[in-house]
Ligand SMILES: *Cc1c(COP(=O)(O)O)cnc(C)c1O
């Protein structure tokens, strides 16, 4: 610890659970990945396109979008004004909200990666057993014979939240036996909803990470069981990355340019890193050095920040630094970052900041009051990002270093609203009231 304190000036703020803002000294505006490429992301996009007719058929709410699981990109001018008042600054350029909270089927960013990975596994099995070919209309997967076939296989995942919902809902729909390992303090409504869909929820009272490790081991020994590995799955990651191609199209439809003179800033809530990492990877393929991606973590769970700052990635946990990993931001309560994501993107992430839980609730209520949009606490973490970049000394250095000053008036800021539409009304009301009481 003493060593770290000498080398990393920010470490004191981070370990004392103060909000912190870190600019990544390794950030290169044009880094090239060798592990995964743009072709990998395009391959994922093509796979989702093959499945679109099936998705449209079995999830009618996606039929209007022809089976694409996509979310709206909204301007939020009233929220923009409220943020300017709250943070006492001028937010030049425009502010958008990417509403992954309203992704169909499972209502969070996990509907990208989680559903993609289940589809990838299903396709692999069906191809291997000569039940489909890639040129088929995949809506035939809705036939009973496929459910019978997939019922010979199982999928397991360890998750206390949205990943479990996505894997569970999609897996069960195809006919798989799905096992979602959860800690027993996970939200009641999530367990109920999964059981309703025919998913087996396995509750673990003690040491959840040990339970997940056990689940992984079990799957390793069973050739008919597939384990979705939140920490190191490339498939999850690529499923998330497809968001970038879709976003490009949405920005074009809104006549919003992203180029040398029109920079894009994106603010992504980060848990283990796969979701924000996959999106960042995709965005860097599409917009190169014109996009700047910032991750947001709770002050009690800054795992990616510690992993990148120390360069030790998944070799460190927040507990190693005396932090308790206790946060109301369900999707972000992760003590150890994905080593795979941290290493792959250590030159692509522009910076990371931390947010107190109370601030998340306050923002939740402000967003509901100004724009009528309900998010879950995790999903608000993107909002303080602009304030850090535009107001802090570190942020101003960043702006100068990349010569962005004169371009800020043309900038687009996108807050990634990662979840919330599945939260039941009563819970939603509690969140809102809590934010209201903080505002007073
Ligand atoms: C999972 C999740 C995240 C973060 O994704 P990771 O892949 O864990 O980094 C952010 N917000 C919400 C609502 C989530 O469920």
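The values are calculated or read from the model by the stated rules, or taken from the named source; none is laboratory data. All values reported here derive from a predicted model rather than from experimental measurement. Heads up, the Cβs are rebuilt from the backbone with ideal geometry, glycines too, and the neighbour counts pull from every protein chain shown.
Going through (1) within 12 Å of the ligand (Cβ to nearest atom); (2) not in a loop (DSSP other than H, G, I, E, B) one by one, residue 271 falls short only on (2). At least 1 residues being in contact (Cβ under 8 Å) with a residue 60 or more places away in the chain and at negative phi is the threshold, and among the strands (runs of 3 or more DSSP E) wholly inside region 176-266 those reaching it are 225-228. Return a yes/no flag: does region 131-151 have any residue that is more than 16 Å from the ligand (Cβ to nearest atom), in contact with a strand residue (DSSP E or B) (Cβ under 9 Å, 6 or more places away or on another chain), part of a loop (DSSP other than H, G, I, E, B) and not assigned by TED's automatic domain parsing to the domain that holds residue 422. Looking for residues that are more than 16 Å from the ligand (Cβ to nearest atom), in contact with a strand residue (DSSP E or B) (Cβ under 9 Å, 6 or more places away or on another chain), part of a loop (DSSP other than H, G, I, E, B) and not assigned by TED's automatic domain parsing to the domain that holds residue 422, one finds at least one in region 131-151, hence yes. Filtering region 369-393 down to residues that are crowded, with 17+ Cβ neighbours inside 10 Å and more than 16 Å from the ligand (Cβ to nearest atom), which residue is farthest from residue 276 (Cα to Cα)? Filtering region 369-393 for residues that are crowded, with 17+ Cβ neighbours inside 10 Å and more than 16 Å from the ligand (Cβ to nearest atom), the one farthest from residue 276 (Cα to Cα) comes out as 371. Here are 86, 95, 119: which of them is outside any helix (DSSP H, G or I) and modelled with pLDDT of 95 or more? 95 is the lone residue from the list that is outside any helix (DSSP H, G or I) and modelled with pLDDT of 95 or more.
All told, residue 438 falls short of being on the phi < 0 side of the Ramachandran plot, in contact with a helix residue (DSSP H, G or I) (Cβ under 7 Å, 6 or more places away or on another chain), free of Cβ contacts under 8 Å to residues at least 40 places away in the same chain and more than 13 Å from the ligand (Cβ to nearest atom).
Here the condition is being buried (at least 24 other Cβ atoms within 10 Å of the Cβ) and in contact with a helix residue (DSSP H, G or I) (Cβ under 8 Å, 6 or more places away or on another chain); of 278, 335, 322, it holds for 278 alone.
Taking the conditions (1) closer than 21 Å to residue 187 by Cβ; (2) in a loop (DSSP other than H, G, I, E, B); (3) more than 18 Å from the chain's Cα centre (by Cα) in turn, residue 358 satisfies each one other than (2).
Of the residues making up region 11-35, those that are in contact with a helix residue (DSSP H, G or I) (Cβ under 7 Å, 6 or more places away or on another chain), surrounded by 12 or more Cβ atoms within 10 Å (Cβ to Cβ) and not in a helix (DSSP H, G or I) are 20, 21, 22, 23, 24, 29, 33.
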